[in-house]
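The values are calculated or read from the model by the stated rules, or taken from the named source; none is laboratory data. Because the structure is predicted, anything quoted here is derived from the model rather than measured. Note: ideal-geometry Cβ built from the backbone for every residue, glycine included; neighbour counts use all protein chains shown. Surface areas here come from the heavy atoms of the whole protein model, side chains and all, with no ligands, DNA or RNA. Shrake-Rupley method; radii C 1.70, N 1.55, O 1.52, S 1.80 Å.
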Amino acid sequence: CEAKSIYVLIAPDLQWDNSLSLDGEKQKALYWNNVALAGGYKVQVTKPDGSKDVYDTTTGDPSFNYDYLESGNYELRVKSTSTEVDHYESAYSQPLYVQRLDAPKLLVKDPIESLAENFAAGFTVRYQKTEGATKYNLYSNNTLVTETRQTSFSVKNITGGTENLGYEITYSIRSMGGKNGSYVKLDSLTSKATKFNITVLPTPTSLTFE
């Protein structure tokens with residue numbers, strides 16, 4: 001009787017590319033090693049609502065292109081597959097967890113404080129803590145102003161010396177994440193940032209009394 005060889009594939013080791021921002025667009029942040037004798041891979045994504053999707057990928061590009069648009073927790077697993085006779089697919093890999101952070105929510109009561117007689121000199125904005133956030137970024141008209149680990153920002157001299165012009169500033173706040181072992185925390189999306197507008201009224205250059 002001729003001996004018959006069978007091959008049981010091993011699962012890949014999952015890695016994450018921290019250099020990618022994933023701010024709404026699909027990117028190949030999840031990747032893994034090519035497994036010997038594998039003909040392809042299946043990626044299982046458990047989404048924040050608990051539903052599961054499975055995607056096929058090839059050995060030519062052992063990575064997964066995805067956007068993680070929904071806030072909440074994802075679980076990612078990958079297994080090796082083959083179409084060869086006597087080659088058996090692997091079990092799913094150890095999971096890699098991804099959390100898309102929510103944007104911070106402004107306090108319900110008095111989220112913005114300032115001196116009533118001189119609002120243009122600055123203000124403080126306060127917001128609730130976001131679960132999983134490592135810090136928060138404040139932007140002025142989409143330009144980063146500052147970052148903090150606290151749940152408030154203080155902004156000074158918002159006119160920037162242009163008191164006489166009059167204009168509106170859009171401020172936005174995002175929760176920021178990072179990677180710790182097999183757990184990835186993605187920054188809250190720019191498109192879903194917490195926003196508020198500050199209107200700077202022009203200062204009169206002369207006064208006439210009648």
Which members of the stretch 85-117 meet the condition of being open to solvent by less than 80 Å² (accessible area, probe 1.4 Å) and of a type in the set (A, V, I, L, M, F, W, C)?
-> Ala91, Leu96, Val98, Leu101, Ala103, Leu106, Leu107, Ile112
Any chance Thr130 is touching a strand residue (DSSP E or B) at 6+ places or on another chain (Cβ under 7 Å), outside any loop (DSSP other than H, G, I, E, B), open to solvent by less than 70 Å² (accessible area, probe 1.4 Å) and not basic (Lys, Arg) = no
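Is it fair to say Asp110 is more than 22 Å from Tyr31 (Cα to Cα), in a loop (DSSP other than H, G, I, E, B), of a type outside the set (Val, Ile, Thr) and in contact (Cβ under 8 Å) with a residue 40 or more places away in the chain? Walk me through it before giving the result.
On the way: more than 22 Å from Tyr31 (Cα to Cα): yes; in a loop (DSSP other than H, G, I, E, B): yes; of a type outside the set (Val, Ile, Thr): yes; in contact (Cβ under 8 Å) with a residue 40 or more places away in the chain: no.
For Asp110, the condition - more than 22 Å from Tyr31 (Cα to Cα), in a loop (DSSP other than H, G, I, E, B), of a type outside the set (Val, Ile, Thr) and in contact (Cβ under 8 Å) with a residue 40 or more places away in the chain - is not met.
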From (1) part of a loop (DSSP other than H, G, I, E, B); (2) surrounded by 10 or more Cβ atoms within 10 Å (Cβ to Cβ), pick out the condition that doesn't hold for Tyr41.
-> (1)
Is there a residue being more than 23 Å from Lys185 (Cα to Cα), surrounded by 13 or more Cβ atoms within 10 Å (Cβ to Cβ) and not small (Gly, Ala, Ser) anywhere in the stretch 17-32?
-> no
From the option list Ser71, Ser82, Ser5, single residue qualifying as in contact (Cβ under 8 Å) with a residue 60 or more places away in the chain, farther than 30 Å from Thr170 by Cα, surrounded by 15 or more Cβ atoms within 10 Å (Cβ to Cβ) and of a type in the set (Gly, Ala, Ser) is Ser82
